[in-house]
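First up is the structure itself, then whatever we jot down about it.
Derivation of every value follows stated rules applied to the coordinates shown; laboratory data play no part. Remember, it's a predicted structure, so these values are computed and weren't measured experimentally. Cβ atoms come from the backbone with ideal geometry, glycine included; neighbour counts cover every protein chain shown.
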Amino acid sequence: MADELNVDVRKRHAGGPEIAAALVLRLSAHSVTVLFGPSGAGKSTVLRMVAGLDKPDEGSIRCGGEVWYDGARRVNQAPQKRRVGYLSQDYALFPHLTVRGNVAYGAHGLGVEEVLASFALTDLAARYPRQLSGGQLQRVALARALAAQPRVLLLDEPLSALDAPARLRMRADLRQLLTSVQMPAIVVTHDRNEALSLGDSIAVMIDGKLRQAGAVGSVFDFPADADVADAVGIETICPARVVSRSAGLVTVEIGQARLVAVDTGGGSAEVFACIRAESVTIERNPPGNPTSARNHLAGRIVSLMPEGPLARVVLDCGFRLTAIVTRQAEEEMRLREGERVTAAVKATSIRIVPRG
Amino acid sequence: MEWQALWLSLRLSCWTTLILLAIGLPAAHWLTFSPRRWKFLVEAVVALPLVLPPTVLGFYILLAIGPHSPAGRLYATLTGGMLPFSFQGLLVASVLYSLPFAVQPFASGFAAVDGRLIEASWCLGVSRTATFFRVIAPLSIPSIVTGMILSFAHTLGEFGVVLMVGGNLAGITRTVSISIFDDVQSLNYAAAMHTSLALLGISFVVLAATYGLRRRVWAAWPMN
């Protein structure tokens, strides 16, 4: 318990969903937790409650042995006492201070030059924020937060203020910085790629509720329900009915089509079948050669959409199934809208989640 | 030409501006950032001198600081003197009369400071008071200067309140505007002309200097 950040808060506010979030962050782990979810899910509000900028209605926030907030005991520590490094979306650098002035602001004169040097800001130290690029502003904001020696970093959509090319570049840089500063961090984002590249663990928030938490890979591959599956970008999510279960496999029915999947549905008869587009392969001819894929579905191409080197193919197999193929494969197989093809999906690539 | 009255008016304006800086900054801070629901009532009270006739304001101030009022008695026990018809009494009246001219520009300047900067300061461990001096006030300097100029100019030109509270004692409460009124009453137009011209000149120079200086200072100000 001693080195955990323990958040369990509820808050209602006008014009948004009721927020209820419980999460635990190990402070010793130096790991990055991504608070992920669509816009308006309440992620930023949770971060602001941890920072002490918004007050929850009830619940508690504890950090190590300290109580930061306790609704029942009417404890609410000021942000000044919590020592969190909070970065708002637009970095909020003080416009009337130089880079050095900003970094020194909360540092009590300690280690300012070292921090400037470690963020490669020594050459920019005499500049004002308006003279810096978006990426530089972000470095200054991080340096300023770290110079005040926080116990945990809280980053609210740290890349959203940047334009698209800078965002890509800073994503890698930010991951490296977060790793090098040896500080536990919570990063709020609605971007799947950012979540994947920045986070060690992830907590998915939808409509104000924390729906699933765990390692980034496992949450993306094994969403707990259809909403989380949708949030983490699984293209095909179809209501299905269980026909039979045997030997760890489950057969489900979607309209006329039948699919065999690894059974993770928790015993319910009404389920969702979730299939990532990457795990669907397309075959030109009716299946003759045996493959390891358990499921072969005859379908018609509804739409073909190029996406860079890839193409997104939507099939009508009695239900809408999305597949991703390379442009090269699209050319070789001469895929056209309206044509009949066969889709193959491995049983292990179909995630069955309970419905209702 | 009434040098004595002119000097008195300038002293009164300087002291009023300084006192308004000292009480106007915290008052404006409270009005801007307090979550109290009834603060609109305080705002209305602060703005009253803008609409009340100076004679009404002066009359109430005279009652409030008179020898029979609690404030007047307290002042008498502390200093042995009386507030009405004294420079100190005039100062109290001037401060109240010019209060909105200081507080309103201050408050609008504070309100324009980005709230995220203030929150950033708190999260960096800096107290609310220190945040005021290190972030809010430096970013509001144009508004603070504006409030000070307006207070100074407004006090320099006040008439009705001064007459009600201070009367017309040479060297003590006879301000430049009262001396002009006196001169005109006694048909001494030449003296009135000279004093008026001096007041016009001083007012113009003060305003021109501050606006000119402001332009140069703000051009180099990192905000722009």
Sites B:ARG73 and A:ASP191, calculated FRET efficiency, Cβ-Cβ separation with R0 56 Å, nearest 0.05: 0.20
Among B:THR155, A:THR189, rank each residue by its count of other Cβ atoms within 10 Å, from fewest to most, as a rough exposure measure. A:THR189, B:THR155
Which lysines have a Cα lying under 24 Å from the Cα of A:LYS55, excluding residues fewer than 8 positions away in the same chain? A:LYS11, A:LYS43, A:LYS81, A:LYS209, B:LYS39
Helix check for chain B. Which DSSP H runs span at least 18 Å along their own axis by Cα, with a mean Kyte-Doolittle hydropathy no less than -0.5? B:3-33, B:39-51, B:87-111, B:141-156, B:189-220
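Under a Cβ-Cβ cut-off of 14 Å, what is the net charge of the residues other than A:ASN76 that fall near it, where Lys and Arg count +1 and Asp and Glu count -1?
Values: positive: A:LYS11, A:ARG48, A:LYS55, A:ARG62, A:ARG73, A:ARG74, A:LYS81, A:ARG82; negative: A:ASP54, A:ASP57, A:GLU58, A:GLU66, A:ASP70.
Its environment carries a net charge of +3.
Give the order of B:SER151, A:SER268 when sorted by the count of other beta carbons within 10 angstrom, beginning with the fewest. Kindly include the intermediate steps, with their values, before the conclusion.
Numbers: B:SER151 28, A:SER268 12.
Ranked by crowding around the Cβ, least crowded first: A:SER268, B:SER151.
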What is the distance in Å between the Cα centres of region B:109-134 and region B:1-46? 23
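Sorted from fewest to most neighbouring beta carbons within 10 Å, what does the list B:THR77, A:THR326, A:THR98 look like?
Details: B:THR77 8, A:THR326 11, A:THR98 18.
By the 10 Å Cβ count, ascending: B:THR77, A:THR326, A:THR98.
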Dividing the helical contributions, -39500 (n - 2.57) per DSSP H run of n ≥ 4, by the residues of chain A yields a 222 nm value, nearest 500 deg cm²/dmol, of -6500 deg cm²/dmol
Debye intensity ratio in log₁₀ form over the Cα atoms of the protein assembly as shown, taken at each q of 0.06, 0.08 Å⁻¹: -0.52, -0.75
Zone residues, region A:227-252, relative to A:GLU270, backbone N less than 16 Å from point 7 Å out along Cα-to-Cβ: A:227, A:238-243
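Among residues other than A:ARG10 whose Cβ falls under 11 Å from its Cβ, what is the net charge (Lys/Arg +1, Asp/Glu -1)?
Its environment carries a net charge of -1.
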Cα lying deepest toward the dipole's positive end in region A:1-160, options A:LEU116, A:ALA72, A:LEU132, charges on Cβ: A:ALA72
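Would you tally the net charge around A:CYS238, using a Cβ to Cβ cut-off of less than 11 Å, leaving A:CYS238 out, and scoring K and R as +1, D and E as -1? If you can, show how the numbers build up before the last one.
Values: positive: A:ARG241, A:ARG320, A:ARG355; negative: A:GLU235, A:GLU253.
Once positives and negatives cancel, what remains is +1.
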Sites removed, the longest contiguous part of chain A containing no DSSP-loop trypsin sites (Lys or Arg not before Pro) with at most 10 other Cβ within 10 Å is A:75-333
